[in-house]
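Presented below is the structure to which this report refers.
The values are calculated or read from the model by the stated rules, or taken from the named source; none is laboratory data. All values derive from a computational prediction rather than experimental measurement. Cβ atoms come from the backbone with ideal geometry, glycine included; neighbour counts cover every protein chain shown. With ligands, DNA and RNA removed, areas are computed over all heavy atoms of the protein, side chains included. Shrake-Rupley method; radii C 1.70, N 1.55, O 1.52, S 1.80 Å.
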Amino acid sequence: MTSAIALRGVTKTFGQTVAVRDLDLVIPQGALYGLIGPNGAGKTTTIRMILSILFPDKGEMSVLGRRSALEAKDRIGYLPEERGLYRRMRVGAFLSYVARLKGAGGDDLGRRIRGWLERVGLADVERKRCEELSKGMQQKVQFVAALIHRPDLLILDEPFSGLDPVNQRLVRDLVLEEHRRGATVLLSTHVMAYAEQLCDHVVMIHEGAKVLDETIAEIHSRFDPRTLLFEPLQPGAGAEPLGSVPGVERVRKAREGWELALAEGADPGEVVRDVAAALPAARIELKRPTLEDVFVQLVSGGAGIAEDGGRLRASLQDGAGVEVRS
Amino acid sequence: MSRIFHVAVREFLATVATKGFIIGVLVTPLMLLLLVIVMPRFINAPPPRVAGEVALIDPTGEVGTGLRDYLRPEKIAGRRQARLKQIEAATPEAVRQLTESSPQAQAATRQALEQAAGEAPDLSVLALDPSTSLEQAKAPLHEEEGKNRQGAGARLALAVIHPDAVTREKGKEKFGGYDLYVRGKLDDRIEDEIRAGLRESILVARVRASGLDRGLVEALTRVETKESVTVTSGGERKTNEVVNALLPGGLMLLLMMSVMTGGSSLLTTTVEEKSNRVVEVLLSAVSPAQLLVGKILGQMAVGFVVLALYAGLGIAALVSFAMMGLVDPMLLVFLLIFFLLAYFTMASLLGAIGAAVSEMREAQSLMTPVMLLMMVPWVLWMPISRSPDSMMAVVLSFLPPISNFAMLLRLSSTSPPPMWQAWLSVLIGAAGAYAALWFAAKVFRIGLLMYGKPPSLRTLVRWARMA
C-alpha cells in the first residue's frame, strides 16, 4: 500500500522553541488517522508542514506521492483550526471561489455547491453574506469549502470545536463518508475522546515528539485493563471484603461504588469471579483505559493515574459533548 | 496561472463592487462639477445698489472735475461693459462656439457675467473747502456707524489730495499723492472705483500741467501683447500657459490617486484576510507568492479603472477645448508606464505591511515611512516642474520610487529631458518595483500566519533575509 503522507525526521523550530522534533509519520492511503495531543504539542505545525504552508528545517516528506504538497494542492482538502470567511462575500460566491482556486470549477459548480449546502442543512444561505451566518453555520460552510473539490487527502484541524452535538454528529458522518469514498483522512484534535471514537489509528504528539503511533485495537490490547469498577447491590455496604480478595491491590471510593486496582500479574477473569463472591454486586466492570489514560500514562513516565496527570487531563477534555459516536 | 487569475478577479470585484468605492470614485468628479457649474449660480445674486457721496479736499483744485466725471454711473457701467467684452474675447474658441450655438445659453452667460459685475453705484462727489479740518471732514464717516446708512448724502469716503499731487515741489523728484478714508463695510469694488478715479484724474492733471498730450502718452506707453506661438517639429501651435502649468501637476495627481487607490485597498484586503483568518484556507490552495501576485494584479485593475476614468475626463475636457494638441500622445504612454511601475512598488510595500500586521490599527506605524515617501513628489512638484533640469530633479528622477513621479513631472514640463533619460528612469523604476515585489513575497510567506505583536521595520527586513 502506498502512503498518502510520509514524514521522515522532520524538525521545525521557531526561534528558541522546537515545535516539532524529529518526527516520523507514515499514513497509508485510505486510512483514517487521528493526530492527538494537548494544545501546543505541535499538531498544527505538523499539519502546516504537510501542506507546505510552513517548511521543515530538517527532514524529508512526501504527500500523495509528490515531494511537496504544492504539487498536489488541488487534491488536498484542508480545514484549518484558525478558519475564517470573507465577511462581506456571499456564501455561494465564497464556495465557488475556493473551488476554482482548487481547480474544481466547471459548469456544474453551482449545482454542486447547492448540493453540498443542502447536505449540511444550509439550503437557503447561498445568497446570504457570510457575516449573516451564525458561528456554527459558518463552521459548516468552511467544512464544505474543504470538501467541495472531492479531495484525495482530507486534513481537518480541530473539526469539532465550536459545534453543538447535533452538528458534531453531522461532521462526523461526513468525515466517515469521505473515508468510505476512499479519501485519506487526517484529523487533529486535542479532545482524545473524539479520536478514540472516530479513528482507526492514532498518532500521539507531546512537546513536538511522537509518543504513540498505533491502531486503536492495538492500544486497547497493549494497555490492558488494570482497574475494576464495582457497584454493590446494597448502596450502604462496606468495602472491607473487597480489599482481602487476592489480586486486588488497592480500593478507592468512586462516584458509584469503588475502583479496585489490580495487582501486577493478576488475572482479571479470576479477580472478577472472586470479587463477585465476596460481596453481592449490582455491576462489575473491567475499566478499559481511555486514550487519555494512555496518554497521561505515557507522558508521566508510567506513574499511572496519578495526581500529576490531573493538569494534563484537564487540557485533554472538552467541556461538553464528548459523546461523538452514536 | 489560473489561480492567480481567480485571486485577481476576486480582489477586483471585492474592491470595486462596494458602495464605498463607487461613491468615492464618483463623488470627486461630481464635487468638481458642483463647484464649476452650480456654485456660481448661488453667488450671482445681485448686490444692492450703493449710493452716497465721496468728499474731496483738494488744495490743487485740479482733481475734482476729473473724479466727478470718472464716477458718473454711466461711465462706471461703460467700463464694466468693456471688461465683460474683454472676458468674452479671452474665452477659448470652443467655449464661445458652445455658448453661441444656443441663444439661450448666450443670454444666460451674459446675464451671469453682468450680475457678477454688480449694478453701477450712484456716487456723487462733494468738494469740501480746502480749509476744512480733517477731523471735521472725517466725522460723517463714523457717524451712525452700524446703521449702514445709504442714499444721497451718506458719506462713503473722504479723499484728501496732497498739495504737491499735481505739480512737484521744487527740488523734489517725487509727486505727492492722496489719502483715502472710507467708512466701514464699504464694498471693495466701490473703493477700487474711487481709487481708480483718483489715480486717473491726478494723472490727467499732471499731464496737463506738464504740457503733454494725454493721448500721446498713452500711445507711447502701450505695446500690444499677443499669445506666444510654440514652434515644434510637428508645426506651430498657440502656447497656453495655463495648460502648460497645470499639465505636470494634473498628471502627477492622476498617477498618485490611482496608485494610492489600488495600493491602500490592497493593504485593507490583506489585513482583512489575515484578521478574518481566511488566509490559511487560501494558502492551502495557492502559494503566498501566487496570492500576492494575484492580489496585486486585481488591485492594479482597480487603480487602472480610476486612472482611465480621470484621464478620460481630462482628455475629454482637453478635446472639447480643442487643446488636445498640447498633450504629446507619448506622454500618455509614459503615464501608463509610470503608473505600472509606481503601482507595483507601492502595492508591494503596502501588501507586505498588510501581511505583517494583524489589524489595521497596527499598520499605522509601518505606514508612516511609506506615506512620507509618497509625500516627497508632492513637496517637490513645484521645484521640479519649474526647473526640470536642475540637479535635484535629475537625481530624483533616477531614485525609485520617487523616480516614477519625478520623471513624469519632467517629461510633461516645458523642457523635457532627453529620451534616454526617460527610458533609464523606466529601467531603474522597474528594478525598484522588482525589488519591492521580492521583498513583499518574502514578508508574505512569513508574515501571513504570524499573529500577535506587530513587527518593526527591522523585523520585516530580517524576515525577507530569512525566507
On Cα atoms only, tilt of A:268-278 relative to the major axis of chain A in degrees: 50
Under Karplus coefficients 6.51, -1.76 and 1.60, residue-wise ³J(HN,Hα) of the range A:221-238 in Hz, glycine/proline x: 7, 6, 8, 5, x, 10, 9, 10, 9, 10, 10, x, 5, 9, x, x, 5, x
Other-chain or far-sequence residues with amide H under 5 Å of A:LEU51's (modelled H): none
Rounded to the nearest 10 Å², the accessible area of B:TRP381 at probe 1.4 Å: 60
Alpha carbon convex hull of the range B:269-321, projected area averaged over orientations, nm²: 4.3
Principal axis dimensions, largest first and in whole angstrom, of the range A:106-254 by Cα: 75, 36, 29
Whole-number percent relative contact order across chain A, with pairs defined as alpha carbons under 8 Å at least 6 apart: 19
For the range A:98-105, Karplus couplings with θ = phi - 60° (6.51, -1.76, 1.60), whole Hz, Gly/Pro x: 4, 4, 5, 4, 8, x, 10, x
Exposure ranking of A:LYS140, B:LYS138, B:LYS19 by accessible area [1.4 Å probe, largest first]: B:LYS19, B:LYS138, A:LYS140
B:TYR178, B:TYR310, ranked by accessible area, largest first (probe 1.4 Å): B:TYR178, B:TYR310
Two-site FRET efficiency, B:ARG83 against B:MET419, from Cβ-Cβ distance with R₀ of 45 Å, rounded to 0.05: 0.45
Between helix A:109-119 and chain A: long-axis angle, C-alpha atoms, 0 to 90°, nearest 10: 20
Heavy-atom accessible area order for B:THR28, B:THR132, B:THR270, largest first, 1.4 Å probe: B:THR28, B:THR132, B:THR270
Residue-by-residue Karplus 3J(HN,Hα) for the range B:158-170, coefficients 6.51, -1.76, 1.60, Hz, glycine and proline x: 10, 10, 10, 7, 6, x, 9, 6, 9, 10, 5, 6, 4
Sulfur and carbon atoms: percent of accessible area, the protein assembly as shown [1.4 Å]: 58
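Give the dimensionless ratio obtained when the Cα radius of gyration of the protein assembly as shown is divided by 2.2 N^0.38 Å.
For the protein assembly as shown, the normalised Cα radius of gyration comes out at 1.57.
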Where labels lie 7 Å past Cα in the beta-carbon direction, separation of A:THR290 and A:PHE55 in nm: 4.2
Cα pair distances of the range A:1-114 binned at 10 Å [whole percent]: 12, 37, 31, 18, 3, 0
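Quick one: plug the Kirkwood hydrodynamic radius of the range B:294-428 (C-alpha pairs) into Stokes-Einstein at 20 °C, 1.002 mPa s, and report D in µm²/s. Show your work: numbers first, answer last.
On the way: Rh = 16.3 Å.
Estimated diffusion coefficient is 131 µm²/s.
Based on alpha-carbon atoms only, what is the radius of gyration of the range B:240-466 relative to the globular estimate 2.2 N^0.38 Å? Show your work: numbers first, answer last.
Details: Rg = 18.6 Å, N = 227, 2.2 N^0.38 = 17.3 Å.
Ratio of Cα Rg to 2.2 N^0.38 Å: 1.08.
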Under 5 Å, built H, 5+ apart or other chain: amide partners of A:LEU35: A:LEU187, A:SER188, A:THR189, A:VAL203
Inverse mean reciprocal Cα-Cα distance (Kirkwood Rh) of chain A, Å: 22.0
